[in-house]
Amino acid sequence: MVRDFNIAKTEADISSYAGYVGSAFMLGRCLTSLLWGTIADRFGRKPVFVIGIIAVVIFNTLFGLSTSFWMAVIMRFLMGSLNGLLGTAKAYATEIFREEHQALGLSTVSAAWGIGLIIGPALGGYLAQPVEKYPHIFPKDSFWDKFPYFLPNFVVSALAFVVAIGCIWIPETLHNHNCSNESIDDAENGSSGAGNEKTIQKNENLLLNWPLMSSIIAYCVFSLHDITYTEVFSLWSVSPQRMGGLNFTSDDVGNILSISGVALIIYQLTLYPSVEKASGPIGIARISAMLSIPLLQSYSFIALLSGLALYIVLSIASILKNILSITIVTGLFLLQNRAVEQHQRGVANGIAVTGMSLFNAIGPAAGGAVLTWSQKRMDASFLPGTHMVFFALNIVEALGLLMLFKPFLAEKKKRHSDQLH
């Protein structure tokens, strides 16, 4: 799409501009997630869902109709700003399950995120530029020719519209446990002076809640890695072979991502909850981060394969990489949601999404820039070409791995009542 805006001077610069479009959404979300978290704690989870999904319907459609680079960037920014879905969904998923089933609830959220990360690029790969791909259905010089990227965006908006209607029937979870809400109501009515002070204190210390903040910071580092990896993977796959890429078409990338997606969903909904029970959310996250590093460094060597072997090995690598990533992230989701009481869960997840979005805003832009740079140094003696990109990604992963250990990561001490269950 960026190529068609004719804003990039060279082929290599396209990656950088594409990164800005991806980053605009995250920047918007970064600026407003705390606000949406507060709204979710105050007015309930449902209104935030509905507003967020309607924003997707409107701005995603307009994004598909973008005629200039800046229009595209602004639409993504507005969509991010009105999108309080992710933090609220994590709070909601924690609340509709008892503690022993929370791993399933939150792994469903990350599975959904995983499905989106895969269906999205796949839809884009199959439905963008329909006039070129399916000329017998979409005639030349028609509406579809003028807006070649409208179709995949329209499909997503239509899906979002169906979901927005479906939201009418989901139950609200904010009033589930009255004990934590009574003190808030009292404080708002000013009927109890002591209660008032207590709530303000109770409501203020999230940033000093180290079990929460340490898991959020670690989560931000892994998010930076994941979003940058996703961006780099697609751009590297379609790069020409002389630049260390795979010379794939967007269909090829779509296929590999779709295969990974199916595997990811199966893993999240069947294996993850039992693995999490066996080794705890953090034990398994540490192992996953350790395995991820050698796996990713092998990508540059996978590029030396060709034909069917390349396809099969890359699919397996991609499946493993996505499973490892989602295992780490889901473990950290669990820690975050267990570190706070319900009446602050919206805000706690808001802080997490704010931090993540800030890092995610840096990610695609940085990933595109590092890939562009590495493709200009194909003959370097130290880590030539794409070896450098995957090495850079691994430095971020290694930093995240260090953060999964004490003294950095603190787990919340269980309250006595929890230990009796």
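Across the alpha-carbon set of the range 207-413, the Rg to Rh ratio works out to 1.00, Rh being the Kirkwood radius.
Relative contact order of the chain: 28 percent, from C-alpha pairs under 8 Å at least 6 residues apart in sequence.
Quick check: the distance between the Cα centres of the range 246-270 and the range 53-79, to the nearest angstrom? Value for the Cα centre distance between the two parts: 26 Å. Normalised radius of gyration (Cα atoms, divided by 2.2 N^0.38 Å) for the range 1-53: 1.70. Excluding the site residues themselves, the longest part of the chain lacking any GluC sites (Glu not before Pro) in a DSSP loop with at most 14 other Cβ atoms within 10 Å is 173-340. Protein heavy-atom surface of the chain, 1.4 angstrom probe: 69% of the accessible area is carbon and sulfur, with nucleic acids and ligands not counted. Shown here: the range 12-118, whose C-alpha atoms stretch 49, 30, 21 Å along the first, second and third principal axes, sorted largest to smallest.
Of all the stretches in the chain, which is the longest one without any exposed loop site, taking chymotrypsin sites (Phe, Trp or Tyr not before Pro) in a DSSP loop (any state but H, G, I, E, B) with at most 13 other Cβ atoms within 10 Å?
So the longest stretch without any such site is 1-381.
Relative intensity of the chain on a log10 scale, I(q)/I(0) at q = 0.07, 0.08 Å⁻¹, equals -0.35, -0.46, per a Debye sum over C-alpha point scatterers of equal strength in the absence of solvent.
Accessible surface calculations at 1.4 Å, restricted to protein heavy atoms, place the chain at 46 Å² per residue.
The values are calculated or read from the model by the stated rules, or taken from the named source; none is laboratory data. Everything numeric in this text was worked out from a predicted model, so none of it was measured. Every residue, glycine as well, gets a Cβ built from its backbone with ideal geometry; the counts of neighbours run over all protein chains shown. What goes into the accessible areas is simple: the full protein's heavy atoms, side chains included, and nothing from ligands, DNA or RNA. Shrake-Rupley method; radii C 1.70, N 1.55, O 1.52, S 1.80 Å.
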